[in-house]
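*Asks:* My questions will all concern the structure given below.
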Amino acid sequence: MSFVHLHLNTEYSLLYGECRVSDVVTRAAERGFRALAITDRNALFGAVGFSLACRNAGVKPIIGCECFLEPKGIGSDSLRRLTPDDCSVLVLIVTNAAGYRNLSALLSLAHLRGAGVPCVDVDMLASHSEGLIALSGGPSGEIHRCVKMNDLSAAHKFASDMKRIFGGRFYIELQRHGEVDGRSEESVIISLAHGLDIDIVATNGVLYTDKSGARTQRMLDSIAKNTQLSYGDGDDSRYLKTDEEMESLFADLPEAIINTEVISDSVDFDFEFGVLHLPSFQVPEESGCSSGPEYLRMRYEKGFAERFGESDQETLAVYRERGDRELEIINEVGFANYYLIVDDFVAYAKRRGIPVGPGRGSGVGSLVAFCLGITDVDPIKNALLFERFLNPERVSMPDFDIDFCYDRRGEVIDYVSNKYGRDRVAQIVTFGTLAPRAAVRDAARILGLSREDTDRIARLTGHPATLFGEGMPDKLREAIKDDPQVASVVETAMLLEGRPRHCSTHATGVVITDRPVSEYMPLALNGDVVVTQYTMEDVARLGLLKIDFLGLRYLTIIHRAEELIRKSVPGFSVEKVSLNDEKTYQLLQEARTEGVFQLESAGMKNFMKELKPQSLEDVIAGISLYRPGPMDFIPKYIKGKNERDSITYECKELEPILEPT
């Protein structure tokens, strides 16, 4: 027989689990486990990353969740005031695609129903049980709770209800953590299981990867509950025990170990990566076009005529060849609808007078996007490559980063939601992590330090990228040597650093799907905003369309400035301002760049004075050089700019490519 851990909380249980996904999967592989489950609390936040880590480690991923159960007979007012302590838990494990959709639906309902904590009820379970295995939840489950309160009839009823809903896919879960008084309750539960012909299964309710993680787990719990850290020994048994340890622990109940393998073998689900799921674009009937590619060609031809209608034949030929090649690739990889979707909401914004940026990122390398009006940067004139955006030899979801007026970005998102359906559009989750300074403050608080001492150590910490290695500030390093209190806080903070602390809403990311979003991933509420439970990276891995709706304050400022200028200069447009305006470059050379994006730092101002930019290419080169690594070449670049004769090329063929820089 071979034991499989089926109840495991990672760091994505948000201050409840200690296990870092990569660490626990690596440890499982080292200990010879052929399968491993993730069952984070009320969410699948870490499921995609867990699945990828398992694949890389040669471990079968099992996707599941530890769900809160709504207390029976609770009213709507009490539902809104629910806390975790009010709820028992039920572990749900996905066995197939239908089970994944049902778990996603359950979690979405749990988060969106407005309860104090996300929770499901028995009726919800009954409607979404297909493809799911249910474990009773161990010591935190309803059956254990009822038995502990000596309410055997309630325990019997709950077990009967779960068996009615899940049939033979419901298991009574046993955990053994050394509580002597719990063994008498366990015997009652085993008798109940046998009486109702329900199989039992062993788990260890894993909260930390190794025994040493128990202290970190208690730290996280103290942060979550806003209490001081207890210095008692505490229980350290909820780690990723070996197969042998679990078999020894349940030597008297071998069937409980065998059933973990039975459950694992019944699981036939994993995420599908590399398959695109683009929403369809409804081609307007009045266009006379019968398909997306045909309509895209029509929109492109119209824009091409507007952009280049007065160009000479030689120029037209160059642009025509580039545009035809792009369209061929776009249609070949199936991204015509993507272009049309972006074109549609950008056109809407412009019709409504919402300022839209000229484009940024690799998307400005597309001539088709330029002709549609998605971007306003001529890629041929500016020597931009389409293949950086979309390469048929390395097909991945393209990504237009679209800037909108900060004040009116929400109008564009509302337009997209109304057009494609509010159940098919959601903003994307991100996670606030314990950054070094925040970790230091939390560590000081749970260790019982005064506010004054906490502030003192936080000031010593500053805002480093990490407390590890050379990232630790020198002042803090010195203080650790001289002050045991500082040393204790920093040691604790280093155990906490980088862990997810809470959910937030990504500043720009929005996902648009061809079916309800909850069929692809569960949803959650962040304030009053509906968000996915998967990050931008995970959404892209699942082949879903994510778009950055960036709200840019500078666009708003420029737009208001235009309106003021038009009062004295009718018809003024910033788009008509020459990119060769000498007075503008004079300002840059004098480093009068306050409020100019990427050019306003003290270091960049000094660089501008040395560089003395005379063209947009000079400014682009300056921004590209002013970063770690390339910065070392600044003196050489300035010398080459001022002494053209000093420039040499390894071969003449490189000169047309390298000459601008």
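*Asks:* Have a look at ILE428, ILE402 and point out the one that is buried (at least 20 other Cβ atoms within 10 Å of the Cβ) and under 24 Å from ILE330 (Cβ atoms).
*Replies:* ILE402 is the lone residue from the list that is buried (at least 20 other Cβ atoms within 10 Å of the Cβ) and under 24 Å from ILE330 (Cβ atoms).
*Asks:* Just to check your reading of the model, which residue among ARG424, ARG388, ARG409, ARG445 is in contact with a helix residue (DSSP H, G or I) (Cβ under 8 Å, 6 or more places away or on another chain) and under 22 Å from GLY551 (Cα atoms)?
*Replies:* That would be ARG424, the only listed residue that is in contact with a helix residue (DSSP H, G or I) (Cβ under 8 Å, 6 or more places away or on another chain) and under 22 Å from GLY551 (Cα atoms).
*Asks:* Name every residue in the range 506-535 that is modelled with pLDDT of 90 or more and acidic (Asp, Glu), in order of residue number.
*Replies:* ASP514, GLU519
*Asks:* Select from the range 440-467 the residues that are open to solvent by less than 20 Å² (accessible area, probe 1.4 Å) and either in contact (Cβ under 8 Å) with a residue 60 or more places away in the chain or among the charged types (D, E, K, R) (or both) and list them in ascending order.
*Replies:* ASP442, ALA443, ILE446
*Asks:* Here's something else I'd like to know. Pick from VAL24, VAL89, VAL4: which is assigned to a helix (DSSP H, G or I) and either touching a Phe, Trp or Tyr at 6+ places or on another chain (Cβ under 6 Å) or β-branched (Val, Ile, Thr) (or both)?
*Replies:* Being assigned to a helix (DSSP H, G or I) and either touching a Phe, Trp or Tyr at 6+ places or on another chain (Cβ under 6 Å) or β-branched (Val, Ile, Thr) (or both) holds for just one of VAL24, VAL89, VAL4, which is VAL24.
*Asks:* Among the residues of the range 347-389, what is the count of those that are open to solvent by less than 20 Å² (accessible area, probe 1.4 Å), of a type in the set (Gly, Ala, Ser) and touching a strand residue (DSSP E or B) at 6+ places or on another chain (Cβ under 8 Å)?
*Replies:* 3
*Asks:* In addition: Of the residues GLY622, GLY595, GLY640, GLY571, only one is loosely packed, with under 12 Cβ neighbours inside 10 Å and either farther than 26 Å from PRO358 by Cα or within 35 Å of the chain's Cα centre (by Cα) (or both); which?
*Replies:* GLY595
*Asks:* While we're on this one: Could you grab the pairs with beta carbons closer than 6 Å, sequence gap of 6+ or different chains, first residue in the range 164-183 and modelled with pLDDT of 95 or more, second one part of a helix (DSSP H, G or I) and among the charged types (D, E, K, R)?
*Replies:* Hits for this filter: PHE170/LYS163.
*Asks:* Considering ASP538, ASP548, which residue is assigned to a strand (DSSP E or B) and either closer than 24 Å to TYR415 by Cα or modelled with pLDDT of 95 or more (or both)?
*Replies:* The match here is ASP548.
*Asks:* Which pairs turn up if I take residues in the range 114-125 that are within 14 Å of VAL91 (Cα to Cα) and look for partners that are part of a helix (DSSP H, G or I) and among the acidic types (Asp, Glu) with beta carbon separation below 7 Å, at least 6 apart in sequence or on another chain?
*Replies:* If the second residue must be part of a helix (DSSP H, G or I) and among the acidic types (Asp, Glu), the pairs left are VAL122/ASP161.
*Asks:* Looking at (1) under 28 Å from ASP378 (Cα atoms); (2) of a type in the set (A, V, I, L, M); (3) out of contact with any Leu (no Cβ under 7 Å at 6 or more places or on another chain), which is the one condition that is false for MET608?
*Replies:* So the condition that MET608 fails would be (3).
*Asks:* Is there a residue being closer than 25 Å to ASP403 by Cβ, open to solvent by 90 Å² or more (accessible area, probe 1.4 Å), modelled with pLDDT of 85 or more and within 40 Å of the chain's Cα centre (by Cα) anywhere in the range 584-592?
*Replies:* Yes.
*Asks:* When you scan the range 98-188 for helices (runs of 4 or more DSSP H) that lie fully inside it, which ones turn up with 2 or more residues that are exposed (fewer than 15 other Cβ atoms within 10 Å of the Cβ)?
*Replies:* Correct list: 122-127, 152-166.
*Asks:* Under 28 Å from the mean Cα position of the chain (by Cα) and assigned to a loop (DSSP other than H, G, I, E, B) - does that describe any residue in the range 371-388?
*Replies:* yes
The values are calculated or read from the model by the stated rules, or taken from the named source; none is laboratory data. For clarity, every value in this text was computed on a predicted model and none was experimentally measured. Counting neighbours? That spans all protein chains shown, and the Cβs are built from the backbone with ideal geometry, glycine included. Ligands, DNA and RNA are excluded from the accessible area calculation, which covers all protein heavy atoms including side chains. Shrake-Rupley method; radii C 1.70, N 1.55, O 1.52, S 1.80 Å.
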